[in-house]
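> Have a look at this one.
Please treat every number below as a calculation from the coordinates, not as lab data. Keep in mind the model is a prediction, meaning the values are calculated, not measured. Heads up, the Cβs are rebuilt from the backbone with ideal geometry, glycines too, and the neighbour counts pull from every protein chain shown.
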Amino acid sequence: MGSNHTTRGSIEDKYDILCLIGSGAFSKVRLVETRTSPVERYAVKIVERTSFIGKEEFLDNEIEVLKRFSRLESEAEPLSHPNIVQLFEIYEDLSKVYLVMELVTGGELFDRIVDRGYYSERDASQLLKQLFDAVNYLHQHGIVHRDLKPENLLYYSPDEDSKIMIADFGFAKMDTSSLLVTECGTLGYAAPEIIARVAYGRAVDVWSLGVIAYILLCGYPPFYDSNDAMLYTKITRGFYEFHSEYWDEISESAKNLVSNLLCVNVNERYTCQQALDHPWISGNEAISRNIH
Ligand code: ADP
Ligand code: MG
């Protein structure tokens, strides 16, 4: 563990730990306030070490990646992107690790999709543009996120037109070997080459963004089966459809982009840069489509 960057003392010396603002499979996230005036508010991700017994590498990877976006790594100018949450401090005690992060207050993309049903093409395009831009930045710096899904994408503020932020680097990895073979992530969003346990790299993030793009446009996932073995087969073969009831009114341009993201062949799948250059993202194709 990167204990050399851990702040000395207890987190409670500096912060009041307040209400729970989120939780995931591996952690609880709470609001914290400094005991200064003016008060500063942050989010602290509290990770129980016991959840990582035998899997310490995941916590180490998360901290290694987050540290590159913080001033804790003093040698270099930190990485920084407007759509990626920043880490400020790390505390540790015997049972827990505390990651003090930038607080974002707009809630999970997941909840907005549930509330809205689906997004207009214009809104989906604007959202995906930010995500491809941020993930492209990660990839350019040798980082693969590996767990992009609507629970890990957070709106910066409650405003309807708030920017989106990428959080949860719990599965992220420095892509130094360019071949990563650990199985991880959530099945419904996982790329075929992940679940087939073959070596995989940054293209997995593009696949996940393809799943998210599909969901934003129609309100339901491209791959679904109550039976995991069937779901596995559907994903590895790339069996999904644009069901006419939901997709007929969606532009060909949008469907073309989704098809190039949900492409089983990693060599033919778009890169983030290709997605950014696609007319549905970069041009006006989606702008006028504010109904669906
Ligand atoms: P896990 O690795 O356990 O999934 P996450 O990092 O995804 O943990 O955090 C769990 C939840 O906490 C997120 O889905 C989100 O709702 C909330 N959360 C995480 N980071 C922040 C943050 N910086 N600001 C506000 N809420 C956050
Ligand atoms: Mg999460």
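> Dipole magnitude of the chain about its Cα centre, charges +1 at Lys/Arg Cβ and -1 at Asp/Glu Cβ only, in debye to the nearest 20?
For the chain, the charge dipole is close to 280 debye.
> Continuing with this model, one more query. So how long is each side of the chain along the principal axes, counting just the alpha-carbon atoms, biggest first, in Å?
59, 41, 38
> Sticking with this structure for a sec: For the range 211-292, list log₁₀ I(q)/I(0) at each q in 0.11, 0.17, 0.22 Å⁻¹, using the Debye formula over Cα point scatterers of equal strength and ignoring solvent, two decimals each.
The Cα Debye sum returns log10 ratios of -0.32, -0.74, -1.13.
> Given 0.36 nm per residue, what is the gain on full extension from SER80 to ASN260 after removing their alpha carbon distance, in nm?
Here the segment from SER80 to ASN260 would lengthen by 62.0 nm.
> Taking a quarter of the surface of the convex hull around the Cα atoms of the range 12-102, what do you get in nm²?
6.8 nm²
> Among THR50, LEU131, GLY117, pick out the residue whose Cα is farthest towards the positive end of the charge dipole of the chain, where Lys and Arg carry +1 and Asp and Glu carry -1 on C-beta, about the Cα centre.
Selected residue: THR50.
> Name the longest site-free stretch of the chain, where the excluded sites are trypsin sites (Lys or Arg not before Pro) in a DSSP loop with no more than 10 other beta-carbon atoms within 10 Å.
On the way: sites that count: ARG8, ARG197.
Here the longest run is 9-196.
> Right, here's the next one. Please report Rg over Rh for the range 49-125, where both radii come from the alpha carbon positions and Rh follows the Kirkwood definition.
My calculation puts Rg/Rh at 1.09.
> Please identify the longest segment of the chain free of exposed GluC sites (Glu not before Pro), where exposed means a DSSP state other than H, G, I, E or B and no more than 12 other Cβ atoms within 10 Å.
76-159
> Which value, in debye to the nearest 20, describes the size of the charge dipole of the range 209-261 about its Cα centre when Lys and Arg Cβ atoms bear +1, Asp and Glu Cβ atoms bear -1, and nothing else is charged?
240 debye
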